[in-house]
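Report on one structure; see the data block that follows.
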Amino acid sequence: MARFTSIQTNFSTGELDPLLRARVDLQAYSNALEEATNVLVQPQGGIRRRPGSKYILDLPNAGANSVANGVRLVPFEFSTSDSYMLCFTHNRMYVFKNTVQQLDINAGTIDYLDTSSYGLTGARLANLTWTQSADTLILCHQDINPVKIVRGANDSAWTASTLTFDSIPKYAFTLSASNPAGTLTPSAVSGKVTLTASTGTPFSAASVGQYINASPQGRAKIVQYTSATVVQAIVEFPFFNTSAIANNDWELETGYEAVWSSGKGWPRSVTFHEGRLYFGGSKSRPSTVWGSKAGLFFDFEPTEGLDDDAVEATLDTNTFNAIVDITSGRDLQVFTTGGEFYVPQEGLDPITPTNFFVKATTRNGAKEGARVQQLESGTLFLQRQGKSLNEFAFTDTQLTYVTSKISLLAGHLLKSPTRMALRRSVATDENDVLLIVNSTGGSIAAFSLLRVQNVIAPSEWTTDGEYLDVGVDLTTIYTVVKRTVNSTTQYFIEVFDDTFQTDCAKSGGAAASVSMSHLVAKSVQVILDGAVQAAQTVPGGGTVTFPRSSASTYQVGLNYTVQAVTMPADIKIAAGTRLAYQKRIIEVNAIVKDTQHLVINDNELPFRNFDTGGTLDEAVPEFTGTKTIDSILGYTTEGKITVKQTVPLKMTLLGLEYKISTYPGG
Amino acid sequence: MKMSRFDVLVNDLPLGDPHNAPGSSKIHNDPFTAAAVAATTLSAYSSYQQGQIQAKQLELRGRLEQTQFDRRAIQYQQKANETLRNLKRTQSALAARAFAGGIDPFSGSPDVVRAANETAAGREFQIYMADSDASFRAGDIAMQSGIAAAKTARQAGAFEAGTKLLLAGATAGKGGGFDRTSYNWLFPAPVETRTVI
């Protein structure tokens, strides 16, 4: 057996799909991990322990208001200094600011806003869409009149109301025409005219909005009802003259009604774009996009087709396209179950009724409920069946949008995804992080993205429970987690926090105990002044008493396992490849930064250094440099290195240099 | 060529033969008086002729103006038809653009724009047709006006000629009297007007 030395300089491919296990020809293979659990890939290539989560609130777990019936996190950015995370559950809205729940909403006695009057039931939250401008948040679901949430004078002043439209566009769901008896006499041939029928009762109050057609010419829209024989109308095409129009030479065209109503359903998706409010799809018109009049966000009925008039277009393609989301990016982008569309605009040309077209681009289809996310490079969306994560981006070379599969190398991490949120990087040692909640298994697929460098590094985040939702308030990642505590299902609002190494955790300063009543009977990790103590089971009373009082800090929470496994070693020697040959990792040099704990191939590396004051029951010093472990035993055909953490301490792994022994012959 | 009553009268005048002129038997006794009467008579004739010519010119001008108005009216009708043709082109382009743009051309904004186009084109069509009607009416008025002016010119010419003949008669009376009946040809019956178009 001969020995070779190799190095994995980075992990910027993240966890690689098992289907690519043999693709040693890919450049990504050498930068990949076979498993990347509870780690986050950094833009420089290293991996670090994912942030722990801070406990914020227990959500209802019983009755109609239980989170089991539905939950949704909706960010709300009121100003540069005031941003919130709104958590909707069945008929309730909880408000969080800077990870703190806002209490006594509207100076009342309850800590949530009652939304029971607006149809925000738990079952509807899964397909809720929203958009926000200044102090107003608009929520849409096809079964309810859009709801307006407005922040008032302070953090706990919130009001909800149904959105009142100045006008709603009309549509003839069932168009019909009748020939009333008698003649019809217009008072003028054009403009606003009075139409007088000679006999019968052809008109009623419901005639408003309907049309009169005349022969040889004339078409008018009824705008006002006067009596059963007299109406006022706006002429769309002039009448021939003002003589009485003979019976059977005029007809009443009916069937036009408000396109949104309780009977016909309401808009499904919403966004603001270039001074208009846009709705995408409705229950009865799933493929139609409506835009308000410019600057008049609630006025949707078009009049003269002028440039600032309301716009409306129905997708006309050879497939059924129910709109699931609509977003304002480089252009107005429309995501449907059948494909991706955009509203083309040239230069600074505005959208007007005469150029409001919706061009089809790609045919992936988007998943309803998982809201699309805007990245600098494009828009991220989940494929209709949730099988892939795609990026919808404009290309200057083709002058159109194309879709690329972001999850091409890690499709296995998408397990029936339901929710998606993006945390944008705010520092050079951060990537954009796209978090996708999987309904199967309750994990989070965390995609660390640096698109300008073509970095897509996925990993999987797990916890003692299931993630149900995730939302980002500027830089703060909120999550809703379902955990089984003391044989009871509990739902928690938690916040990912880089200063935490445990989940559902509480922290504080000097203390002798802490109430962990939300985790009764769970085994929790206790970290006092940076030193990990023995795990404890939270007693029935919920109070965890520390083995000693903390002098400066404590943290108590659920541990989670961190594990990264390299791909099977690919040794290229003169005699050929050695991918499936017996081989043995003999020695590993782990290049780490600010690391307190590491286990490599089940061998725990020493970090505590008694020379520098690192006595027991003190914080383990953070180590930066190379940690070496040798004399590792065991031949396998894979030659993988497993890096993990069993205790909640810091870890950043930058690279792995390793010595490997394998058969050298031809 | 059909000739008018005036044409016949003018052509039948016995010019250039003073011996055949009516009343010559009394006037020629005084050569100066006869000359004055002859000159006045010729002047009367000239006035009459001028009136006739002016009437014809006015009548022709009326006809010309009517023709111009008629032509303008037809141009308006052409524009009205062109408006409808343009509308059809616009609407078809709108539908084609909507299809090409991936949207239903018969609902939403395309439908609104189509209705707006129809309204605008309808109004334009209507205005052109009204202009056409007005132009036809203006042509009729111009023609009637020309005929009326022609009638006035004839009457003025005849009146002036009559006045001059009266003067000639008076002159002749001083020299030997004046036989009114011999000059009936200078007092024609009222002119008939024709209805043109």
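Miscellaneous remarks
- Remark: segment A:589-666 projects, on average over all directions, an area of 6.3 nm² (convex hull of Cα atoms).
- Relative compactness, segment B:87-163, computed as alpha-carbon Rg over 2.2 N^0.38 Å: 2.33
- Volume per residue of the convex hull around the Cα atoms, evaluated for segment A:394-439, comes out as 130 Å³.
- If you bin all the Cα-Cα distances of segment A:323-407 at 5 Å, starting from zero, the percentages per bin are 3, 16, 28, 26, 16, 8, 3, 1.
- Shape call, segment A:509-570: gyration tensor on alpha carbons, a/c limit 1.5: oblate
- Structural descriptor for segment A:309-446: relative contact order 15 percent, calculated from alpha carbon pairs under 8 angstrom and at least 6 residues apart.
- Global form of segment A:414-511, assessed from the alpha-carbon gyration tensor, a/c cut-off 1.5: oblate
- Alpha-carbon centroids, segment A:65-102 and segment A:553-594: separation in whole Å: 40 Å
- Plainly put, segment A:43-143 has a radius of gyration that is 1.03 times its Kirkwood radius, both from alpha-carbon atoms, as the Rg/Rh ratio.
- Residue by residue, segment A:233-247 carries 3J(HN,Hα) couplings of 9, 9, 6, 8, 9, x, 6, 5, 7, 9, 6, 4, 8, 5, 3 Hz when phi is fed to the Karplus relation 6.51 cos²θ - 1.76 cosθ + 1.60 (θ = phi - 60°); x denotes Gly or Pro.
- Computed E for A:SER30/A:THR646 - FRET, C-beta separation, R0 22 angstrom, nearest 0.05: 0.20
- Each residue in A:ASP473, A:ASP503, A:ASP114, B:ASP111 was given a count of other beta-carbon atoms within 10 angstrom of its own, and listing them fewest first yields A:ASP114, B:ASP111, A:ASP473, A:ASP503.
- Shielding of A:313-324 by partner chains, average beta-carbon count, 10 Å: 3
- The ranking of A:LEU449, B:LEU165, B:LEU94 from fewest to most other beta carbons within 10 Å of each one's beta carbon is B:LEU94, B:LEU165, A:LEU449.
- The region of chain A that goes longest without hitting one of the GluC sites (Glu not before Pro) in a DSSP loop, each with at most 11 other Cβ atoms within 10 Å, is A:1-345.
- Approximate spin-label separation B:ARG97-A:THR440, in nm, with each point projected 7 Å along Cα-to-Cβ: 4.8 nm
- Evaluated over the Cα positions of segment A:18-61, the convex hull gives a direction-averaged projected area, one quarter of its surface, of 5.5 nm².
- Listed pairs A:LYS264/A:LYS293; A:LYS506/A:LYS650; A:LYS522/A:LYS593; A:LYS593/A:LYS644; A:LYS593/A:LYS640 exceeding 20 Å between Cα atoms: A:LYS264/A:LYS293; A:LYS522/A:LYS593; A:LYS593/A:LYS640
- Neighbour-limited loop hits for chymotrypsin sites (Phe, Trp or Tyr not before Pro), segment A:290-375 (at most 13 other Cβ within 10 Å; DSSP other than H, G, I, E, B): A:PHE320
- The Kirkwood radius of chain A, taken over pairs of alpha-carbon atoms, gives through the Stokes-Einstein law at 37 °C and 0.692 mPa s a diffusion coefficient of 115 µm² s⁻¹.
- Model label sites at A:ALA62 and A:GLN217, defined 7 Å from Cα along the beta-carbon direction, differ in position by 7.6 nm.
- In sequence order, segment A:268-282 has phi-based couplings of 9, 9, 8, 6, 9, 7, 6, x, 10, 9, 10, 10, x, x, 9 Hz under the Karplus curve 6.51 cos²θ - 1.76 cosθ + 1.60, θ = phi - 60°, and Gly or Pro positions carry x.
- Semi-axis lengths, largest first, of the ellipsoid equivalent to segment B:72-111 are 30, 8, 4 Å, with √(5λ) applied to each eigenvalue of the Cα gyration tensor.
- A Förster distance of 45 Å, applied to the separation of the beta-carbon atoms of A:GLN232 and A:GLU346, puts the FRET efficiency at 0.65.
- Relative exposure of A:TYR171, A:TYR635, judged by other C-beta atoms within 10 Å (fewest first): A:TYR635, A:TYR171
- In nm, spacing of pseudo-spin labels at A:HIS412 and B:ALA148 (7 Å Cα→C-beta vector): 10.4 nm
- For A:ALA172, nonlocal amide neighbours, meaning residues 5 or more places apart or on other chains whose placed amide H falls under 5 Å from its own, are A:GLU257.
- Over chain A, relative contact order from alpha-carbon pairs under 8 Å, at least 6 apart, %: 15 percent
- Overall, the ratio between the Cα radius of gyration of segment A:58-117 and 2.2 N^0.38 Å, rounded to two decimals, is 1.13.
- Relative contact order, percent, segment A:1-88 [alpha-carbon distance under 8 Å, six or more residues apart]: 19 percent
- From phi via Karplus (6.51, -1.76, 1.60), per-residue ³J(HN,Hα) for segment A:166-175 in Hz, x at Gly/Pro: 5, 7, 10, x, 9, 8, 8, 5, 10, 7
- Diagonalising the gyration tensor over the Cα atoms of segment A:135-266 and scaling each eigenvalue by 5 before taking the square root yields semi-axes of 41, 15, 12 Å, largest first.
- Over segment A:4-87, equivalent-ellipsoid semi-axes from the Cα gyration tensor in Å: 40, 18, 12
- Shape class for segment A:468-517: oblate, because the ratio a/c of the largest to smallest gyration tensor axis (alpha-carbon atoms, square roots of eigenvalues) is 1.5 or more and b/c is at least a/b.
Bear in mind that the values in this text are calculations on the coordinates, not laboratory data. What you see is a predicted model, and the numbers here were worked out from it, not measured in a lab. Cβ sites come from the backbone with ideal geometry, for glycine too, and all protein chains shown count toward neighbours.
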